[in-house]
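Notes for the one structure printed next.
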Amino acid sequence: MNATFLLGLALGMRHGTDPDHLAAIDGLTRIRPRSTNGIFFALGHGLVVLLLAAGIGHVIAGRFAFAGPWTLILVGAVNLWRLLRRPSQPTATKRPIVAQPFLLGMLLAAGFETASQLSALVLAGRTNAWFLGVAFAGGMVLVDGLDGYLAASTQHLAAIGQTNAKAASLLLGILVVAFSFGLGGAELAGKDLDRFALPVGLVLFATVIGIRIWARTAPRQIMNADLDHDSV
């Protein structure tokens, strides 16, 4: 059971680095700037995977599968509009459906099936599906939760005028739009991108996390510059 839990946790963490997760969470944070977006997104996503693994979620997933790619495209469209509009600071809309992280996670789980998610479903046939589903969701919460926290932090720093954060926000916004349209369009066109999910996801995850960490370093640099100026 311990080995199954660790494997489920690892598969969930791997799934959390998928490009659609990163695009959705970062795009969502620009619409609904909350540090808990990644956690609730992962919980919604994990709920659908759990129901599928237990064999009781296929009807729901089948009926709402079409909404996954369209939802991701909608996230990309809203973020493109915000990029072109270039607001002075991120503002939350009045609770639109797409801005609810739990529901967004559920819709993308129904619309996108990647290798790690399918592996979890196969493994569920050999062990306790509920136990595996909880471990899988836990792995996603760790990765997506960190991603959501750093995304919200970047947006907050950009809103108060931090230079690196503003540049990072713009760059990440462009990545969100590109991947949202690209992944959503590929899914609608029936293109199988599973074989690219792991390398693209890991590279994108490392890039996104690196940009967000870089955005957080500027306040210390500014503080050191101020201290040097005062000493002179």
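Residues of region 31-47 that are assigned to a helix (DSSP H, G or I), out of contact with any Asp or Glu (no Cβ under 9 Å at 6 or more places or on another chain) and either crowded, with 24+ Cβ neighbours inside 10 Å or among the polar types (S, T, N, Q) (or both): G46 alone. Could you tell me which of the residues L103, L146 is at pLDDT 80 or above, over 28 Å from L188 (Cα atoms) and surrounded by fewer than 24 Cβ atoms within 10 Å (Cβ to Cβ)? It is L146. Regarding L175, is this residue at pLDDT 85 or above and within 15 Å of the chain's Cα centre (by Cα)? The answer is yes for L175. The selection criterion, being of a type in the set (G, A, S) and buried (at least 21 other Cβ atoms within 10 Å of the Cβ), holds for A168.
Taking first residues from region 200-226 that are under 20 Å from A167 (Cα atoms) and modelled with pLDDT under 80 and partners that are surrounded by fewer than 17 Cβ atoms within 10 Å (Cβ to Cβ) and among the polar types (S, T, N, Q), the Cβ contacts under 7 Å between residues at least 6 apart in sequence or on separate chains come to A218/T163.
Residues checked against (1) within 15 Å of D26 (Cα to Cα); (2) of a type in the set (A, V, I, L, M); (3) outside any helix (DSSP H, G or I):
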residue	(1), (2), (3)
A151	yes, yes, no
T154	yes, no, no
A165	yes, yes, no
S169	yes, no, no
V176	yes, yes, no
G184	no, no, no
G201	yes, no, no
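Taken over region 17-30, the criterion of being touching a Leu at 6+ places or on another chain (Cβ under 7 Å) and part of a helix (DSSP H, G or I) is satisfied by P19, D20, L22, A23, A24, D26, L28.
Filter region 68-93 for residues that are of a type in the set (G, A, S) and either surrounded by fewer than 22 Cβ atoms within 10 Å (Cβ to Cβ) or modelled with pLDDT of 85 or more (or both) and give the result. Can you show your working first?
Narrowing region 68-93 to residues of a type in the set (G, A, S): 68, 76-77, 88, 92.
Those that are of a type in the set (G, A, S) and either surrounded by fewer than 22 Cβ atoms within 10 Å (Cβ to Cβ) or modelled with pLDDT of 85 or more (or both): G76, A77, S88, A92.
Residues of region 154-166 being within 25 Å of A77 (Cβ to Cβ) and either in contact with a Lys or Arg (Cβ under 6 Å, 6 or more places away or on another chain) or in contact (Cβ under 8 Å) with a residue 24 or more places away in the chain (or both), which ones? Once the filter is applied, which keeps residues that are within 25 Å of A77 (Cβ to Cβ) and either in contact with a Lys or Arg (Cβ under 6 Å, 6 or more places away or on another chain) or in contact (Cβ under 8 Å) with a residue 24 or more places away in the chain (or both), region 154-166 yields T154, Q155, H156, A158, A159, A165.
For region 186-198, a residue qualifies if it is buried (at least 18 other Cβ atoms within 10 Å of the Cβ) and either in a loop (DSSP other than H, G, I, E, B) or at pLDDT 70 or above (or both), and exactly one does: E187.
The values are calculated or read from the model by the stated rules, or taken from the named source; none is laboratory data. Because the structure is a prediction, the values reported are computed rather than measured. Note: ideal-geometry Cβ built from the backbone for every residue, glycine included; neighbour counts use all protein chains shown.
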